[in-house]
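The values are calculated or read from the model by the stated rules, or taken from the named source; none is laboratory data. If you're wondering where the values come from, they're calculated on a predicted model, not measured in any experiment. Reconstructed Cβ throughout: ideal geometry from the backbone, glycine too, with neighbour counts over all protein chains shown. All accessible areas refer to the heavy atoms of the entire protein, side chains included, with ligands and DNA or RNA removed. Shrake-Rupley method; radii C 1.70, N 1.55, O 1.52, S 1.80 Å.
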Amino acid sequence: MPELPEVEVIRRELEPLLTGKEFAGPVLHMPSTIGHPRPEEFSAALPGRRVKTIGRRGKYLLIYLDRGILTIHLRMTGNLFYAEDGKAREERFLRLSLPFTDDSALHYSDMRRFGRLWLTETEEELQELVLKKIGPDILNDLCREDFLDLLAKKERSRLKALLLDQGFAAGMGNIYTDECLFRSGIDPNRRVADLKEGEAEKIYQAIFDVLKEGIEYGGTTFRDYRNSSGALGDFQSRLAVYGRKDELCRCGTPIKKTKVAGRGTYFCPCCQK
Ligand SMILES: [Zn+2]
């Protein structure tokens with residue numbers, strides 16, 4: 001599932017390609033991909049609108065238009081693909097095609113069909129309909145002090161569950177959370193209240209470092225993730241614990257897999273206390 005770094009990689013690729021382009025008539029192969037407004041209204045409203053900039057909040061991609069905002073969440077297996085010649089790369093899981101007036105197009109495919117697109121007219125509407133339960137972006141909207149303040153209000157939460165909670169802070173998923181807790185040397189089962197002096201700061205730094213590195217390496221590729229030009233990310237080669245059950249940690253201890261907050265969780269019982 002794409003997490004913050006994968007969505008940020010896509011944002012950085014798409015922004016220069018799409019800025020200034022004008023949408024033509026969309027083709028909805030699977031209308032239920034549209035979360036708002038109703039599919040027929042979406043198809044009528046999008047043509048003629050131009051891309052101004054592309055932003056991101058957590059795992060949400062925000063395409064700011066000259067009127068309104070087109071928001072995309074890829075969920076489990078969503079893929080965006082930009083085609084200069086307008087042609088879709090593969091038809092099998094194609095859910096919608098968004099052509100531009102210059103005959104290029106942005107295609108959306110999704111094997112599992114959980115991804116959604118929303119067209120909202122204002123920031124207020126976006127907030128109300130899409131981002132109501134989504135916290136600040138963990139990379140861009142939280143300085144160290146803000147993060148520590150937010151953390152202090154969640155004393156009873158387990159760290160793994162809290163970092164995955166998009167209402168607490170948006171962007172982390174299972175992969176980057178496990179990597180971040182490994183780097184900060186913290187057992188994923190621990191609660192905020194049990195953190196010792198300096199450990200919260202360590203977590204903040206690890207989040208920042210892991211996410212930045214993930215972006216730098218083009219994201220992590222597991223199964224379906226591709227960036228918008230079809231290339232694979234490379235961060236999986238840097239993973240210290242995630243997906244490495246029974247392999248040796250750099251300390252020589254076999255990596256364990258357990259369940260925390262209902263999610264498969266990888267950790268090193270020696271390095272993480
Ligand atoms: Zn270890």
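Just a yes or no: is a residue in the range 157-179 within 16 Å of the ligand (Cβ to nearest atom) and either under 21 Å from Cys271 (Cα atoms) or open to solvent by less than 10 Å² (accessible area, probe 1.4 Å) (or both)?
The answer is yes; a qualifying residue exists.
The condition of being at pLDDT 95 or above and hydroxyl-bearing (Ser, Thr, Tyr) holds for only one of Tyr225, Tyr176, Tyr217, that being Tyr176. Selection of the range 123-154 for residues being touching a residue at least 24 places away in the same chain (Cβ under 8 Å), farther than 18 Å from Asp209 by Cβ and within 21 Å of the chain's Cα centre (by Cα) yields Glu123, Leu126, Leu129, Val130, Leu131, Lys133, Ile134, Gly135, Pro136.
Evaluate the following for Tyr82: is it aromatic (Phe, Trp, Tyr), under 25 Å from Ala169 (Cβ atoms) and buried (at least 16 other Cβ atoms within 10 Å of the Cβ)? When the stated conditions are applied, Tyr82 does not pass them.
Scanning the range 1-35 for residues that are part of a helix (DSSP H, G or I), open to solvent by 50 Å² or more (accessible area, probe 1.4 Å) and under 17 Å from Pro99 (Cβ atoms) yields a count of 2. Can you work out which of the residues in the range 36-64 that are of a type outside the set (Val, Ile, Thr), open to solvent by less than 40 Å² (accessible area, probe 1.4 Å) and part of a strand (DSSP E or B) is farthest from Arg75 (Cα to Cα)? For the range 36-64, the residue satisfying everything is Gly55. Annotation note: of Gly25, Gly86, Gly58, Gly35, the sole residue that is out of contact with any Gly (no Cβ under 8 Å at 6 or more places or on another chain) and either on the phi > 0 side of the Ramachandran plot or of a type in the set (Lys, Arg) (or both) is Gly86. When restricted to residues that are out of contact with any helix residue (DSSP H, G or I) (no Cβ under 6 Å at 6 or more places or on another chain) and surrounded by 20 or more Cβ atoms within 10 Å (Cβ to Cβ), the range 118-137 contains 3. Of the residues making up the range 238-254, those that are among the hydrophobic types (A, V, I, L, M, F, W, C) and within 13 Å of the ligand (Cβ to nearest atom) are Ala240, Val241, Leu248, Cys249, Cys251. Here Val241 clears all of (1) at pLDDT 95 or above; (2) surrounded by fewer than 20 Cβ atoms within 10 Å (Cβ to Cβ) except the condition numbered (2).
Filtering the range 255-273 to residues that are within 9 Å of the ligand (Cβ to nearest atom), in contact with a strand residue (DSSP E or B) (Cβ under 7 Å, 6 or more places away or on another chain) and open to solvent by 40 Å² or more (accessible area, probe 1.4 Å) leaves only Pro269.
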